[in-house]
Amino acid sequence: MNALLLYPKCPDTYWSFKHALKFISKKAVNIPLGILTVSSLLPGTWKKKFVDLNVSKLHNSDILWADMVFISAMTIQQESVKEIVATCKKLNKKIVAGGPLFTEEYEQFPDIDYFVLNEAEITLPLFLDDLANHAPKRVYQTRQFADITLSPIPDYSLIKHKRYAGATIQYSRGCPYDCEFCDITALFGQKVRTKKTGQILAELEQIYQVGWRGSVFFVDDNFIGHKQKLKNELLPAITNWMAQKNYPFIFTTEASINLADDKVLMEMMYKAGFTKVFVGIETPEESCLMECNKLQNKQRNLLESVNNIQKQGMEVTAGFIVGFDNDPSNIFQRQVDLIQRSGIVTAMVGLLNAPRLSKLYIRLKNEGRILDDCTGDNTNYSMNFIPMMDKNELLLGYQQIIHDIYSSKSYDERVRVYLKQYTPPFRQRKGINFDEFKALLKSVVFLGIINRGRKYYWKLLAWSLWNRPRLIPLAITYSIYGYHFRKVFRNLS
């Protein structure tokens with residue numbers, strides 16, 4: 001059997017970093033982990049070919065080579081999926097689809113032959129058994145959650161890693177919290193399941209052996225969902241492994257904001273090599289936190305929590321939301337003030353949307369307020385429900401937030417706030433590599449000469465040279481990020 005594994009193209013969005021990647025000659029941010037895990041679950045006798053449409057072109061010859069085409073996708077990739085399906089149908093190829101997009105709304109894709117939904121460790125073997133017996137069903141679903149201690153090592157050998165800015169790995173699935181707007185607990189459960197420490201070390205070793213060096217993203221929706229296992233098992237093991245390998249990786253992940261309450265855990269993560277963590281802050285309005293069941297964020301000083309994490313050496317990137325039913329009229333300025341004062345450089349502010357498997361979708365549907373399925377991109381000025389606030393007022397307020405935090409002047413000020421409190425990594429690499437040198441040269445040309453916000457580029461570099469000269473490479477990195485954000489949101493200077 002010849003299996004073609006496809007990862008659809010992601011559009012130009014906030015998290016694509018498309019405009020920033022050009023500076024380091026990369027095609028995509030992260031290696032797609034799900035489809036590589038699917039590859040490892042397929043029979044070893046099968047021949048496999050992998051095409052990531054974010055880094056390579058899909059040719060008809062690739063499809064014609066295959067006996068069967070496998071697609072894994074997220075909601076934001078649905079337009080690319082439709083194009084792939086149309087091409088495969090023209091070439092008379094069978095399609096097997098899985099991943100969050102199809103688990104949530106497979107009915108929207110009538111031309112796909114087979115759906116392997118929920119967690120592939122459970123449903124894919126069922127499909128493969130039926131396929132071997134020449135009696136595959138169209139839909140495979142389960143309400144069970146997989147024992148991920150049995151998950152195979154993702155097939156990193158399929159990847160041309162030089163095209164990516166970051167590698168990916170997964171330690172846990174599920175989240176102990178149950179925010180109304182989130183579909184994670186519906187997809188992966190509220191009980192946090194973890195891999196064994198030996199599995200993670202084996203996966204790190206595999207990533208290392210294929211030649212990867214640099215950023216590794218733990219894609220867990222809440223990395224600290226099982227704190228004691230982290231402290232007692234995983235983090236000490238990673239710390240030892242990193243030391244033995246002379247610190248080849250820097251780690252990033254996602255966590256709930258109560259990470260800020262555990263100094264020991266933060267110190268251990270920092271020593272293990274974690275330099276960045278994404279946190280869902282959402283809103284400074286307590287009534288909105290109550291509305292969306294974001295209980296872990298309630299009754300806390302959000303600014304102090306962010307500062308606690310950043311003072312421990314981990315940069316906080318964060319998500320913010322407007323469009324809650326309880327949003328007051330001053331929420332837009334309050335969001336701006338929190339973001340600017342915190343020094344959160346990468347602050348994704350989006351409009352509230354309701355994924356189909358979320359509790360928010362169910363509530364709004366019962367209230368007759370759902371308009372459509374969500375696009376998966378909450379920064380493209382779209383909403384899939386009728387908001388409580390006048391929609392024009394909401395959109396104008398949202399646009400004002402984006403202008404106030406990503407105009408060159410405001411962004412430059414926020415970067416400085418962060419750099420003043422920045423703590424270098426536990427094991428700081430000396431010098432810059434070739435990709436970073438290319439990024440420096442390109443930034444001088446595009447950001448320092450051509451770009452209309454060039455004066456802020458030079459002001460930030462001059463400030464860094466005078467105040468924190470060792471951080472000039474980081475200042476350049478953030479200048480490049482700012483360029484990407486302004487390109488995504490358009491018409492900002």
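One line per residue, one yes/no per condition, for (1) among the aliphatic types (A, V, I, L, M); (2) under 28 Å from Ser358 (Cβ atoms):
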position: Leu4; (1), (2): yes, no
position: Trp15; (1), (2): no, yes
position: Leu33; (1), (2): yes, yes
position: Gly44; (1), (2): no, no
position: Leu58; (1), (2): yes, no
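Every residue, every condition in (1) among the β-branched types (Val, Ile, Thr); (2) in the same structural domain as Pro125 (by TED's automatic domain parsing); (3) on the phi > 0 side of the Ramachandran plot, yes or no:
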{"residue": "Ile76", "(1), (2), (3)": "yes, yes, no"}
{"residue": "Val81", "(1), (2), (3)": "yes, yes, no"}
{"residue": "Thr87", "(1), (2), (3)": "yes, yes, no"}
{"residue": "Gly99", "(1), (2), (3)": "no, yes, yes"}
{"residue": "Glu104", "(1), (2), (3)": "no, yes, no"}
{"residue": "Ile112", "(1), (2), (3)": "yes, yes, no"}
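From the residues in the range 308-330 that are among the aliphatic types (A, V, I, L, M) and either touching an Asp or Glu at 6+ places or on another chain (Cβ under 6 Å) or farther than 12 Å from Leu351 by Cβ (or both), which one is surrounded by the most Cβ atoms within 10 Å (Cβ to Cβ)? Explain how you work it out, then say what you get.
As a first pass, look at the range 308-330 and keep what is among the aliphatic types (A, V, I, L, M): 309, 314, 316, 318, 321-322.
The next check asks that each one be either touching an Asp or Glu at 6+ places or on another chain (Cβ under 6 Å) or farther than 12 Å from Leu351 by Cβ (or both); those that pass are 309, 314, 316, 318, 321.
Details: Ile309: 20, Met314: 24, Val316: 26, Ala318: 22, Ile321: 23.
The qualifying residue surrounded by the most Cβ atoms within 10 Å (Cβ to Cβ) is Val316.
For the range 213-223, the tally of residues that are under 16 Å from the mean Cα position of the chain (by Cα) and either more than 17 Å from Val29 (Cα to Cα) or in a loop (DSSP other than H, G, I, E, B) (or both) stands at 5.
Among the residues of the range 244-283 satisfying the criterion of being of a type in the set (S, T, N, Q) and not in a loop (DSSP other than H, G, I, E, B), which is surrounded by the fewest Cβ atoms within 10 Å (Cβ to Cβ)? Residue satisfying both the conditions and the ranking: Gln244.
Filtered by the rule that a residue be surrounded by fewer than 23 Cβ atoms within 10 Å (Cβ to Cβ) and either part of a helix (DSSP H, G or I) or of a type outside the set (A, V, I, L, M, F, W, C) (or both), the range 89-99 gives Lys89, Lys90, Asn92, Lys93, Lys94. A count restricted to the range 50-72 and to residues that are under 16 Å from Val29 (Cβ atoms) and in contact with a Pro (Cβ under 9 Å, 6 or more places away or on another chain) stands at 3.
Every condition in (1) assigned to a helix (DSSP H, G or I); (2) more than 20 Å from the chain's Cα centre (by Cα); (3) crowded, with 16+ Cβ neighbours inside 10 Å; (4) not aliphatic (A, V, I, L, M) holds for Phe145 except the one numbered (1).
The values are calculated or read from the model by the stated rules, or taken from the named source; none is laboratory data. A quick note: this is a predicted structure, and the numbers were derived from the prediction, not measured. Here the Cβ is made from the backbone with ideal geometry for all residues, glycine too, and neighbour counts use every protein chain on show.
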